[in-house]
Each structure stands twice: as structure tokens, then as C-alpha cells.
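What follows is calculated from the coordinates using simple rules that are stated; it is not laboratory data. As the structure is a computational prediction, the values presented were derived from the model and not from experiment. All Cβ positions, glycine included, derive from the backbone under ideal geometry; neighbour counts span all protein chains shown.
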Amino acid sequence: MMKRFSTELSGRVLTIEAGKVAKQAGGAVTVSYGDTVVLVTAVASDQVREGIDFLPLTVDYHEMLYAAGRIPGSFFRREIGRPSEKETLTSRLIDRPLRPLFPKGYRYETQVIATVLSVDQENEPDILALIGASAALEMSGIPFAGPIAGVRVGRINGQLVLNPTSVQLADSDINIVVAGSKDAIVMVEGGGQIVPEEVMLEAIFFAHEGLQPILQLQSELREAVGKPKRVVPEVVEDEALKARIMEIAGDDLGEVITIGAKMERGERLRAIEQMIVSALLPDHEGREGEIKKLLYVLEKETVRAMIVKEKRRIDGRGFKDIRPISCEVGVLPRTHGSALFTRGETQIMAVTTLGTSEDEQRIESLNGSTFKRFMLHYNFPPFCVGEVRMMRGPGRRDIGHGALAERAITVVLPTQEEFPYTIRLVSDVLESNGSSSMATICGGSLSLMDAGVPIKTMVAGIAMGLIKEGEEIIVLTDILGDEDHLGDMDFKVAGTDQGITALQMDIKIKGLTREIMKTALEQAREARLFILGKMREVIQQPREALSIYAPKIVTIHINPEKTRDIIGPGGKVIRQITGETGAKIEVEDDGSVRIISPNDEVLERALTWIKDIVREPEVGELYLGKVKKIMDFGAFVEILPGLDGLVHISQLDTQRVNKVTDILHEGDEVMVKVIEIDNQGKVKLSRKAALGQTAKPVV
């Protein structure tokens with residue numbers, strides 16, 4: 001039986017519908033908002049996946065181009081192969097708030113698929129996919145501690161707006177997605193145009209209030225069509241085995257977790273694990289996985305107790321302390337810009353490459369084909385954490401981290417008019433122990449400045465953590481990898497001296513109050529200012545000159561009617577300029593002319609040539625022209641490329657001239673002055689008026 005539930009949000013109706021399509025899925029809903037419609041299904045297998053200790057959840061978001069009335073531009077004319085970056089990022093956006101809400105020990109393969117069926121170019125489908133994922137799980141028999149919902153928040157002219165349209169977002173200085181339950185915020189993703197902390201905090205809680213009606217819809221849906229939830233046996237720890245592990249580990253565990261060096265700490269922990277397994281396995285055959293898991297639980301409890309009770313962190317820092325920072329720029333000799341940023345045991349190499357408009361990335365999406373002139377690519381090779389694994393291109397995590405860093409830096413980039421280059425920034429993680437994405441932002445800013453990209457200001461990022469035990473709440477600055485895994489929050493904040501440009505937050509607990517988040521944002525701001533200070537010790541502003549290895553690009557604006565003169569009949573003129581100078585010329589209909597060359601000399605030759613072509617003759621100006629044709633009454637002289645003027649026989653000399661050929665012959669160079677331009681644009685020249693004067697020759 002089909003059921004439909006609706007509510008109004010920001011003047012538009014949001015509808016969740018179930019029971020009409022995809023009825024063989026465990027749960028299936030369509031979510032519509034305006035004319036944007038997304039189908040979301042949730043299915044779980046009937047058999048437990050044995051031998052794993054993680055939640056086997058897969059979330060896939062797909063954009064079907066028919067939703068926008070478009071046919072794919074690929075050779076096969078269908079949506080195939082690797083998902084787009086937008087699809088990958090949206091899949092992560094859905095996955096992150098869902099994952100913590102499954103019961104411990106749930107080991108059934110579970111898949112959530114969101115398919116965009118219709119899009120109106122006004123209401124973004126990603127929010128609907130997130131809502132639909134929760135709704136499909138709610139109505140299914142899959143155990144899920146929901147519901148959750150998501151909304152987008154913008155700010156236009158100082159006013160917060162819930163679920164702004166695509167047009168409104170273009171004028172918004174905030175764009176964040178917030179997911180939450182009735183009582184808690186569980187995820188934040190987005191950024192702003194250098195927005196103060198207090199404004200961003202207000203936007204987050206404005207979103208939480210705005211998503212409440214969507215949660216009510218899902219509750220009504222569950223009551224109407226919800227299936228009985230699958231019973232998952234509660235995971236009960238073997239306290240006796242746990243105590244035995246602690247007895248064997250003894251003081252060694254407490255000592256090892258205070259080792260500051262990540263690799264040494266990991267090696268010692270593995271040695272303890274091996275010792276415990278060897279000691280207990282004879283009496284607990286087949287329980288090796290359980291023993292290792294209980295040791296991890298003990299490690300987590302020990303670290304958290306040390307932080308809460310002893311006020312000590314793993315590496316001995318204070319709660320607000322930042323690990324030692326080292327910054328270098330210009331570390332690679334032939335790249336256009338490079339930087340090495342090291343914070344503790346996290347190190348990234350950021351390399352900037354400048355290109356032309358031909359290097360822009362073409363993106364095919366529901367909104368049509370667009371071109372991207374700034375790309376940030378994040379790479380996480382296995383050696384950066386001392387591991388061995390196959391390298392098969394960037395995974396979802398790599399794409400997500402790169403997108404977060406790209407969002408943070410994009411805000412401070414120059415416009416295309418200010419800097420007509422395509423920019424590729426690559427971050428290679430060389431070492432990792434906590435927040436390589438934030439190190440990417442820091443190193444990326446340094447690399448761009450080293451390349452001479454005139455960014456408005458530097459951007460830095462920091463990762464914050466949280467430990468909450470009862471009423472005790474501790475916010476940690478610059479968290480290590482282990483503090484991320486063992487803590488209750490991962491909160492990444494990036495920005496400038498003046499405000500936030502990007503943030504990402506995932507929360508593992510309920511009860512994240514406004515006061516806690518305010519504290520975290522303030523500590524992040526203090527840390528960001530400290531890091532920016534360290535970065536400015538190395539480079540204060542973008543280099544004035546580009547690398548000698550970077551292409552040279554100059555853009556000039558001419559009368560649009562003159563563009564045909566540069567191109568010439570059949571492209572003859574532009575081919576001649578390109579062939580003789582080695583420069584590349586791009587001419588736009590609006591009169592923009594872009595000259596691209598490998599060096600300054602070539603650039604200057606091409607620029608002079610083009611300026612001469614588009615120059616307009618002026619009365620009284622001198623030109624060194626070339627005689628093109630001799631007539632009885634005078635000579636036609638080319639003073640600018642493609643522009644001839646007449647020197648009447650009476651204007652050839654101060655003395656009377658009987659024959660034109662007494663003075664001039666075809667091919668001669670002659671100095672002339674423009675004495676008149678009539679209403680039809682015909683140019684009259686005088687050699688007599690130019691005698692004894694000089695001018696620059698025509699190219």
C-alpha cells in the first residue's frame with residue numbers, strides 16, 4: 001500500500017513516498033522536493049558475513065543523466081564505469097552519519113543505493129538522498145538507530161536560509177550540510193566565504209532546528225509501513241577474559257601508550273598483542289579475534305582514562321598544544337611551485353602546476369558540462385603509514401580529503417580575469433599521523449604562493465578531537481591518528497585569520513552541546529592563527545614572478561569587431577602569428593584575446609603583432625609603412641597590418657613631383673603621417689609632413 005508524507009520547508013513541499021516502487025527491496029522510498037526526485041533503497045543479506053570485525057555497509061549514490069533530460073557524452077552513451085567525484089562525495093555524505101547508528105556486532109552485508117530520477121536544477125538531490133537513506137532504513141527490517149535527516153544552510157545578505165535553491169547559493173557566503181537526529185547533530189560538511197566562528201555556529205544549530213519536521217515524517221512512515229527490526233544479539237564482553245588480558249599486559253600497556261613516536265608505539269603494541277595471544281590461545285582456541293578486540297578496548301579505555309584523569313595525552317602534549325611545525329617552499333627545482341609542510345609525524349609535499357585553458361577539467365553532470373580551472377588532488381600512498389598495499393587510484397577517502405582541502409583554498413583564489421591560468425595542486429602524503437587533509441591545506445597555500453599565484457591570503461587547517469566521559473569533557477587540538485580513532489569527535493576546521501572557509505565534523509556520541517562546539521571552534525581558531533604565523537615565517541606573500549618554467553599568459557581586451565582581423569580569412573592571420581612566434585592565441589567573441597607562450601620573448605613578439613593589428617590609425621600619428629601599390633595619382637601604403645592609406649602625389653614631397661615613381665616604388669618603406677580619416681574610414685597620408693621624423697616599424 002502506497003503511503004505519502006509531506007511537510008513544507010522554505011516554501012517548497014518535501015514528500016516521502018513508500019510502497020509504490022522497488023517493493024522487493026528491504027526498504028524503498030522516493031523523496032521529492034520541487035521537481036527533484038530521488039529513489040533510495042536499503043537491502044541487507046540474510047546471512048552473517050563471517051570472519052570480519054567491521055560493519056559491511058555500502059552506500060552508492062548515482063546521478064542518472066536522464067533526470068536532467070540529457071544523454072551521456074561518453075562513447076557508450078550510458079552511465080558506466082567509475083563514479084564521478086560528485087557521486088563519490090555524496091556517497092560519503094550519506095555514509096558518514098548512517099554508519100555510527102548500526103548496532104555493535106552487526107555483520108550483515110547492507111547496501112543503500114540512491115538514484116537521482118529527476119532534477120529541476122533548483123533543488124539539490126544530495127540532501128534528498130541523505131533523507132531517503134534514513135527513511136528506507138527506518139521502514140526496513142534492518143536494525144538502525146535512526147531516524148536522521150539532513151538540510152543545507154546558506155546565508156544571503158546576513159540572513160540564514162534553510163535549503164537555499166541553486167540560484168540562492170550563488171549569492172550565499174555559507175554552504176553547509178548538517179545531519180542530525182532529534183537530540184543531536186551527527187555530521188557537518190561544508191564551508192563559507194571566510195565566515196566568523198559565531199556565524200558558523202549559529203548556522204549549524206539553525207540547521208538542526210530546521211531538520212526536525214523531516215524526522216517527524218520518518219517517524220510517521222515507520223509507524224505506517226515499518227517492518228519488525230531484525231534482532232542482533234547484543235555484544236557482551238567476556239569480563240573474565242578481559243581481566244586476564246589486562247593482567248598479562250600489566251604495566252606494559254600503560255607504558256606503551258605514552259610512547260610519542262607512532263611507529264615505535266605500534267610496534268610495541270603488536271608485541272604485546274602477540275604475547276597475549278600466545279599466552280591465552282591454548283585455553284581459548286578459536287578466539288584470537290576476540291582477544292585482539294578486547295585488547296583494543298583496553299587500549300582505548302586506558303588512553304581515555306589517561307587523558308581524563310591524568311590530563312595527559314599520548315605524546316605528552318597539553319590539550320591545546322600543537323605538534324612541532326616545519327615549513328619549506330621551493331623544494332623542487334623544476335616545478336612551478338612546491339612546499340613541504342610537516343606537523344609532528346604528518347608530512348605532505350604540495351606541488352603547484354600552472355596551465356592554460358586547454359588544461360581545464362571538463363565535468364559532465366546533471367547541470368550540464370562545466371569546466372573547472374582549479375583542481376586539488378590528494379594522494380595517500382601506503383608507505384606514508386608504513387604499509388604495503390596495491391595502488392589502484394584514489395579511493396573515496398582520498399577524494400573526500402582532496403575535496404575538503406580544495407573547498408578551503410578555493411575561497412582565496414584569484415578570479416580568471418586576475419590570473420588566467422588553470423591551476424593543479426597535488427598533495428602527496430609522505431607521512432601520516434593525524435589530519436593529513438589539514439596539512440594539505442597548509443602546504444597547498446604555501447605551494448600556491450611559491451608558484452606566484454596571487455591568492456588573497458593564506459589558509460590553514462587543524463583537526464580537533466573530543467573525549468567525553470560522564471560530565472568530563474575535554475577538547476583536544478591537533479589530534480593524532482590514535483586520538484581520532486579512540487575519541488568521540490573528528491572536527492576539521494580550515495580558514496584564514498578572519499574566518500572559516502571549510503569544515504567537516506563527524507560525531508560518535510550524543511549530547512554535543514552548543515557550548516562544546518563553541519569551545520572547539522575557538523580552540524581551532526587559536527590553533528589556526530598559530531599555524532598561519534609559522535607559515536608566514538617562510539613566505540609572507542605570493543612571489544612576484546612566476547617560475548621560468550611556467551607558461552606565460554597575457555590577456556588583452558580589444559574591440560570585438562577587430563577579432564576577425566586577428567583571425568583572418570580562414571584563420572590565415574592567427575596561424576601566421578602562431579607559426580612565426582611560437583605563441584598560442586585564443587580569441588573570444590567578447591574581444592578577449594589570450595596570448596600563451598613558453599617565454600617572455602615570444603610573448604612580447606606576439607603581443608606587439610596583435611596590438612598592431614588592432615591599432616586604430618590616429619590623425620597626426622606617424623607610421624613607417626610599406627608601399628603596396630603605385631598609381632598615377634599617388635601610392636597606397638600599408639601603415640598597419642591589413643590597413644592601407646593613400647599618399648596623394650601632392651603629399652609626396654615639399655617640391656613638385658612629376659611621377660610617383662620618382663619618389664616611391666612598390667615594397668619601399670616610407671615614413672608617413674595620417675592627415676585625415678574620412679567618414680568612410682578611408683585614410684589619407686602625407687610623406688611630406690613626415691620628412692625628417694621617425695616611428696616604430698610595422699611588424
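Computed values, structure above
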item	result
For the stretch 3-225: relative contact order, % (alpha-carbon pairs under 8 angstrom, 6 or more apart)	22
Mean projection area, nm², convex hull over Cα of the stretch 614-699	5.3
Length gained when the stretch GLU417-SER45 is fully extended (0.36 nm per residue, less Cα-Cα span)	128.5 nm
Crossing angle, helix 396-410 versus the chain [Cα axis fit, 0-90 degrees, rounded to tens]	50
Relative contact order for the stretch 1-81, counting Cα pairs under 8 Å that sit 6 or more residues apart, in percent	16
Net length gained if the chain between LYS104 and LEU332 were fully extended (0.36 nm per residue, minus Cα distance)	77.3 nm
Angle between the chain longest axis and helix 197-210 axis [Cα atoms, degrees, rounded to 10]	60
Using alpha-carbon coordinates, inclination of helix 288-309 to the longest axis of the chain, degrees	80
Burial order of peptide ranges 132-139, 588-595 (average beta-carbon count within 10 Å, highest first)	132-139, 588-595
Distance in nm between pseudo-label sites at PHE633 and MET1 (7 Å out along the Cβ direction from Cα)	9.9
Extreme residue, positive dipole direction of the stretch 552-614, given options ILE574, LEU603, ILE613 (C-beta unit charges)	ILE574
FRET E, pair LYS518, ILE71, Förster distance 56 Å, beta-carbon r, rounded to 0.05	0.70
Pairwise FRET efficiency - GLN159 versus GLU472, Cβ, R0 = 35 Å, nearest 0.05	0.40
Shape parameters for the stretch 552-614, alpha-carbon atoms, Rg then Dmax in Å	10.4, 29
Cα-based equivalent ellipsoid of the stretch 401-536: semi-axis lengths in Å, sorted from largest, via gyration tensor	30, 15, 12
Debye intensity ratio in log₁₀ form over the Cα atoms of the stretch 6-55, taken at each q of 0.30 Å⁻¹	-1.09
Helix-derived mean residue ellipticity, 222 nm - over the chain, DSSP H n ≥ 4, -39500 (n - 2.57), to 500	-9500 deg cm²/dmol
Identified option (computed Rg/Rh (Cα atoms, Kirkwood Rh); candidates (1) 1.01; (2) 1.06; (3) 1.13)	(3)
Added length on full extension, which subtracts the Cα-Cα distance from 0.36 nm per residue, ALA243 to SER365	38.3 nm
Part-to-part distance (alpha-carbon centres) for the stretch 637-654 and the stretch 253-291, which is given in Å	94
Nearest-0.05 FRET efficiency for PHE54 and THR15, computed from C-beta distance (R0 35 Å)	0.50
Percent RCO, i.e. relative contact order, over the chain, from Cα pairs under 8 Å lying at least 6 residues apart	9
Segments 531-541, 475-485 sorted - mean Cβ within 10 Å per residue, highest first	475-485, 531-541
Residue among PHE102, ILE276, ALA240 farthest towards the positive dipole end of the chain, charges placed on Cβ	PHE102
Paired Rg and Dmax values of the stretch 96-188, which use every Cα atom, in angstrom	15.2, 48
ARG543-GLU267 pseudo-label distance in nm [points 7 Å out on the Cα-to-Cβ vector]	3.9
Assigned charges on the beta-carbon of Lys, Arg, Asp, Glu; the chain dipole about Cα centre (debye)	1040
Most to least packed among 287-294, 209-216 [average Cβ atoms within 10 Å]	209-216, 287-294
